[in-house]
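Below is one structure, written out as structure tokens, with a few remarks after it.
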Amino acid sequence: MLTVSGLTTHYGSSQALFGVDLEFGTGEVATLLGRNGMGKTTTIHSIMGIVKPGGGSILFDGRELVGQKAFRIANLGIGLVPEGRQIFPNLSLWENLVATASNHLGVANPWTVERVFELFPELAARRSSMGNLLSGGEQQMLAIGRALMTNPKLLILDEATEGLAPLIRRKIWNALEQIKGGDMSILVVDKNLSDLLRIADRNFIIERGRIAWSGTSQALADDRDTQQRYLGV
């Protein structure tokens with residue numbers, strides 16, 4: 001589904017990524033882990049075309065993404081749940097869901113507003129509420145639902161549960177577990193290691209712009225030295 005090879009990215013004269021390599025397949029859940037400032041969001045922004053890579057290759061479903069515009073990358077089937085949620089504050093919850101909804105890839109069982117409400121029942125009662133009146137947890141569930149409404153092949157979540165109450169975090173992890181599998185892959189950035197290891201197939205740890213470790217969830221769960229060295233847990 002996604003193969004990143006030798007990815008380099010700069011912000012002006014400052015280099016942020018130094019040859020990032022990661023790969024995972026259709027239907028898999030992968031994580032991108034690391035301390036703050038190590039290059040997680042830059043990697044995601046490079047994949048999405050928000051930041052222009054300086055070199056390397058990003059193959060998505062066999063297509064090269066490097067050099068393509070962000071909107072074209074999204075149209076290829078990548079849905080992003082950005083850090084900070086970035087919902088439309090002056091649109092209602094329902095309007096946020098349908099504003100960018102599409103099924104141009106022809107998914108057989110597409111995501112609809114009703115399916116999103118089944119995944120997050122809390123949102124149904126708030127469908128008429130404006131985006132800026134929703135709680136942080138409701139906004140995050142809405143951001144996930146909005147991304148799903150584009151019927152992506154790959155769902156990327158940047159800081160999936162940052163700053164949320166434990167109950168809301170649990171609901172989000174349960175939702176991701178429900179949608180895992182099938183033809184859609186998921187890439188998650190988050191700091192809740194125990195929850196990530198429960199749902200992830202592959203894990204990549206980034207350290208100062210380079211992939212320092214990769215492996216299965218069982219391998220990472222058993223490797224306390226790696227956890228301490230790169231994640232500080």
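The set of residues in region 213-233 being touching a residue at least 60 places away in the same chain (Cβ under 8 Å) and touching a helix residue (DSSP H, G or I) at 6+ places or on another chain (Cβ under 7 Å) consists of L231 alone. Of the strands (runs of 3 or more DSSP E) contained entirely in region 181-233, those carrying at least 1 residues that are over 30 Å from G106 (Cβ atoms) and of a type outside the set (V, I, T) fall at 202-207, 210-215. Report whether or not N103 is in contact with a strand residue (DSSP E or B) (Cβ under 8 Å, 6 or more places away or on another chain), in a loop (DSSP other than H, G, I, E, B) and over 26 Å from A200 (Cα atoms). No; evaluated as a whole, the condition is false for this residue. When E177 is tested against (1) touching a residue at least 24 places away in the same chain (Cβ under 8 Å); (2) assigned to a helix (DSSP H, G or I), only condition (1) is not met. The residues listed here are Q178, Q218; of these, the one that is modelled with pLDDT of 95 or more and farther than 25 Å from L17 by Cβ is Q218. For the criterion of being at pLDDT 95 or above and in a loop (DSSP other than H, G, I, E, B), I50 passes.
Within region 105-150, the set of residues being on the phi > 0 side of the Ramachandran plot and modelled with pLDDT of 95 or more is empty. Pairing each residue of region 124-142 that is hydroxyl-bearing (S, T, Y) with any residue that is part of a helix (DSSP H, G or I), provided the two are 6+ apart or on different chains, yields C-beta distances under 6 Å for S129/L93. Within region 108-123, restricting attention to residues that are touching a residue at least 40 places away in the same chain (Cβ under 8 Å) and crowded, with 17+ Cβ neighbours inside 10 Å, the residue that is nearest to L154 (Cα to Cα) is W111.
I'm checking my understanding of the structure. Among residues of region 148-195 that are β-branched (V, I, T) and crowded, with 21+ Cβ neighbours inside 10 Å, which one is farthest from E114 (Cα to Cα)? The extreme case among them is V189.
The residue of region 69-107 that is nearest to G55 (Cα to Cα), among those that are of a type in the set (S, T, N, Q) and surrounded by fewer than 16 Cβ atoms within 10 Å (Cβ to Cβ), is N75. When L80 is evaluated against the numbered criteria (1) in a helix (DSSP H, G or I); (2) within 16 Å of the chain's Cα centre (by Cα); (3) of a type outside the set (S, T, N, Q); (4) modelled with pLDDT of 95 or more, which criterion, by number, is the only one it fails? The failed condition is (1).
In the condition set (1) loosely packed, with under 14 Cβ neighbours inside 10 Å; (2) within 20 Å of E162 (Cβ to Cβ), M48 is compliant with all but (1).
Looking at I44, I73, I87, I78, just one residue is touching a residue at least 24 places away in the same chain (Cβ under 8 Å), more than 19 Å from E159 (Cα to Cα) and of a type outside the set (K, R), and that residue is I73.
The values are calculated or read from the model by the stated rules, or taken from the named source; none is laboratory data. None of these values were measured; they are calculated from a predicted model. Here the Cβ is made from the backbone with ideal geometry for all residues, glycine too, and neighbour counts use every protein chain on show.
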